[in-house]
Amino acid sequence: MAKFKLEYIWLDGYEPVPNLRGKTKIVEFDSFPELEELPIWGFDGSSTRQATGDDSDRLLKPVALFPDPARTNGALVMCEVLYPDGTPHESNSRAAIPDDPGTWFGFEQEYFLYEDGVPLGFPSGGGFPAPQGEYYTGVGYKNVGSVARQIVEEHLDLCLAAGIDHEGINAEVAKGQWEFQIFGKGSRRAADEMWIARYLLLRLCESYGVDVNWHCKPLGAEVDWNGSGMHTNFSTKYMRDVGGEEYFEALMDAFEQTMGDHIEVYGPDNHLRLTGLHETQSIDTFSWGVADRGASIRVPHSFVASGYRGYLEDRRPNSQGDPYRIAGRILETIALVETPANGAVPLAMVQTA
């Protein structure tokens, strides 16, 4: 029997953006455990805004398991928060969303690396570096520095070693800004992997004395610097196998009519980012366009060339958004469009946002 270090990870009750929390449980197993072998554990919910002091016990239910590459006999355990009677806590966004393994999601997580209150590469005494232009996918010390490249490379290796379906990294448009991409099948699994990838980045940055700034517009809306998004690519089995222009147009109608419902769960302060500038559409407008990075929904050329089949990119979710809520809302809107397979309600019954 070996002693395994199980890092139980969950989302707390802070609003509008939950924080990741984690604590370690030591359990003996003959070999690396299966998810079903992991015990439900408890924690003090009064310290995470998920309970009051006079009724503080909350439960952690393991829902996804990954090896922890930074620890000997370590495991990363994504958990849902439950009440003592086993019902989901109000903060448990994972339990509240629809799930469909046939729907594939790709999250593009943008973020800034900060040191001493400013993005890496910004002057420490105030002011700005050279304007945007050469930083996106840039190479060389003047564009990306040294520490940032080391962090993102180590993070990539950690994610791959943990079994996360990490699909790539790149330096982004603003200095000190980076992106990584996560793929998953089903809203819950895809979001599980994104949250664990975020956790690994935060934990890694501790050793560098660097913070991760997830805010969608950390430099402010009044300056000419890009914000951070979490563009979400999605594709159902029907979109991949059948699709068609008529179905696509009906789908876009549904997304337009539920615009407000999407914005509500696409991350706080999105009005600072969705201004119609810096490759965004205005927050109060819905649009789609082929290869249009300023549209709400970007339609790849390959989608049209394949007979309106494949995947689409929703460019409105921001970098602080909860991937559970984002993917769940996308599934809810897709379900409003009737197909021979899903028997959804007629499009005319969709509530206008």
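A compact table of results
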{"quantity": "Subset of the stretch 129-153 (residues that are in a helix (DSSP H, G or I) and open to solvent by 60 Å² or more (accessible area, probe 1.4 Å))", "calculated": "TYR141, LYS142, ARG149, GLN150, GLU153"}
{"quantity": "Selected residue [part of a loop (DSSP other than H, G, I, E, B), open to solvent by 70 Å² or more (accessible area, probe 1.4 Å) and modelled with pLDDT of 95 or more] from GLU15, GLU36", "calculated": "GLU15"}
{"quantity": "Boolean, VAL242 is surrounded by fewer than 18 Cβ atoms within 10 Å (Cβ to Cβ) and aliphatic (A, V, I, L, M)", "calculated": "yes"}
{"quantity": "Filter pass, THR232 being in a strand (DSSP E or B), farther than 23 Å from GLU115 by Cβ and either modelled with pLDDT under 95 or β-branched (Val, Ile, Thr) (or both)", "calculated": "yes"}
{"quantity": "Sole residue being modelled with pLDDT of 95 or more, closer than 26 Å to TYR111 by Cβ, assigned to a loop (DSSP other than H, G, I, E, B) and open to solvent by less than 50 Å² (accessible area, probe 1.4 Å), chosen from ARG329, ARG316", "calculated": "ARG316"}
{"quantity": "Exclusive hit being among the small types (Gly, Ala, Ser), farther than 20 Å from GLU206 by Cβ and open to solvent by 40 Å² or more (accessible area, probe 1.4 Å), set ALA96, ALA64", "calculated": "ALA96"}
{"quantity": "Pair list, Cβ under 7 Å, 6 or more apart: the stretch 61-75 residue touching a residue at least 12 places away in the same chain (Cβ under 8 Å), other residue of a type in the set (Val, Ile, Thr) and part of a loop (DSSP other than H, G, I, E, B)", "calculated": "LYS61/ILE40; PHE66/ILE164"}
{"quantity": "Members of the stretch 292-305 that are open to solvent by less than 50 Å² (accessible area, probe 1.4 Å) and part of a loop (DSSP other than H, G, I, E, B)", "calculated": "GLY294, ALA295, SER296, PRO300"}
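The values are calculated or read from the model by the stated rules, or taken from the named source; none is laboratory data. Predicted model only: the values in this text are computed from it and were never measured. Methodologically, a virtual Cβ is constructed for each residue, glycine included, from the backbone with ideal geometry; neighbour enumeration extends over all protein chains shown. Surface accessibility is based on the protein's heavy atoms, side chains included, excluding ligands, DNA and RNA. Shrake-Rupley method; radii C 1.70, N 1.55, O 1.52, S 1.80 Å.
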